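Accompanying notes for the structure given below.
The values are calculated or read from the model by the stated rules, or taken from the named source; none is laboratory data. Note that the structure is predicted; figures quoted are calculated from it, not measured. Backbone-built Cβ (ideal geometry, glycine too); neighbour counts: all protein chains shown.
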Amino acid sequence: MMREHRNLLVIGSVSAATLALASCGAHSRDITKQLASETATTPVTSPAPPATRSSEATSATALPPMKHFRIGGDVYGPVQDCRADGDSVTCTSSWDKPYQADTYSGTVTGTLSGPVLTGTSTTHQTGRDANDPSCLWQTETSGPITYHFRTDGTVAIRQGPGRWQTTHSGSCSGTDSGTDDSPAEATATWTAIE
């Protein structure tokens with residue numbers, strides 16, 4: 001018996017790399033859209049370009065060094081611990097209590113150019129069907145992601161469209177997959193560690 005499992009690439013504080021929405025049934029796509037609209041409480045706006053008329057104004061809007069930094073960090077989404085080597089960045093995502101999942105892990109790899117990190121996000125989640133705990137699932141997601149870091153400690157995030165695949169086992173079986181057609185946008189916090 002195959003059960004429908006639909007995941008959502010969710011970002012930002014409520015979300016920062018990706019989040020699997022482990023819901024079963026035909027209504028899961030509606031729940032996914034509702035969750036995205038409820039969790040993206042901070043609208044994404046384009047940051048003002050840095051001042052260029054004087055070196056003093058430019059240095060006042062410069063980002064701190066970004067050798068090691070963290071994105072997210074609240075209870076509503078994953079935390080991404082990021083390290084830069086030159087302009088190459090690798091982030092490891094973790095989430096102590098993932099939403100509707102038992103485990104969550106992920107990575108972001110990309111290139112940092114000024115205040116913008118462009119790359120690819122991948123996640124792996126596992127969980128159990130809410131209506132049948134002996135029905136197990138695991139979901140893999142991947143897709144493009146862009147972070148625009150701001151000097152006020154916030155980061156505008158745009159993720160997707162991305163791909164997902166869920167495999168069921170235990171009292172259920174089968175695989176389903178698809179593409180999230182619309183990119184998701186959110187704002188999260190970020191902190192320079194070194």
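Condition check ((1) more than 30 Å from residue 68 (Cβ to Cβ); (2) assigned to a strand (DSSP E or B); (3) modelled with pLDDT of 95 or more) across all residues:
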position	(1), (2), (3)
101	no, no, no
124	no, yes, yes
131	yes, no, no
137	yes, yes, yes
140	no, yes, yes
145	no, yes, yes
148	no, yes, yes
| field | Cβ pairs under 6 Å, 6+ apart, first in region 159-178 and in contact (Cβ under 8 Å) with a residue 12 or more places away in the chain and at positive phi, second part of a loop (DSSP other than H, G, I, E, B) and surrounded by fewer than 21 Cβ atoms within 10 Å (Cβ to Cβ) | value | 160/183; 170/134; 174/2
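Filter region 143-167 down to the residues that are buried (at least 22 other Cβ atoms within 10 Å of the Cβ) and either within 13 Å of the chain's Cα centre (by Cα) or within 29 Å of residue 133 (Cβ to Cβ) (or both) and list them by number. Lay out the reasoning, then the answer.
Start the filter on region 143-167 by keeping residues that are buried (at least 22 other Cβ atoms within 10 Å of the Cβ), which leaves 145, 147, 149, 155-157, 159-160, 162, 164, 166.
Correct list: 145, 147, 155, 156, 157, 159, 160, 162, 164, 166.
Residue by residue, here is whether (1) hydroxyl-bearing (Ser, Thr, Tyr); (2) out of contact with any Ser or Thr (no Cβ under 8 Å at 6 or more places or on another chain) holds:
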residue: 133; (1), (2): no, yes
residue: 136; (1), (2): no, no
residue: 144; (1), (2): no, no
residue: 149; (1), (2): no, yes
residue: 157; (1), (2): no, no
residue: 161; (1), (2): no, no
residue: 170; (1), (2): no, no
residue: 179; (1), (2): yes, yes
| field | Hey, residue 133 surrounded by fewer than 17 Cβ atoms within 10 Å (Cβ to Cβ) and free of Cβ contacts under 8 Å to residues at least 12 places away in the same chain or not | value | yes
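When you go through 134, 121, 93, 105 one by one, which is the residue that is closer than 20 Å to residue 163 by Cβ and in contact with a Cys (Cβ under 9 Å, 6 or more places away or on another chain)? Walk me through it before giving the result.
Values: 134 fails: closer than 20 Å to residue 163 by Cβ; 93 fails: in contact with a Cys (Cβ under 9 Å, 6 or more places away or on another chain); 105 fails: in contact with a Cys (Cβ under 9 Å, 6 or more places away or on another chain).
Selected residue: 121, the only one of 134, 121, 93, 105 that is closer than 20 Å to residue 163 by Cβ and in contact with a Cys (Cβ under 9 Å, 6 or more places away or on another chain).
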| Can you tell me which residues in region 158-175 are part of a strand (DSSP E or B) and either of a type in the set (Gly, Ala, Ser) or modelled with pLDDT under 95 (or both)? | 159, 162, 169, 170, 174
| field | When residues of region 111-121 are limited to those that are in a strand (DSSP E or B) and touching a residue at least 40 places away in the same chain (Cβ under 8 Å), the one surrounded by the fewest Cβ atoms within 10 Å (Cβ to Cβ) | value | 112
| Restricting region 81-98 to residues that are closer than 28 Å to residue 133 by Cα and crowded, with 21+ Cβ neighbours inside 10 Å, the residue that is modelled with the highest pLDDT | 93
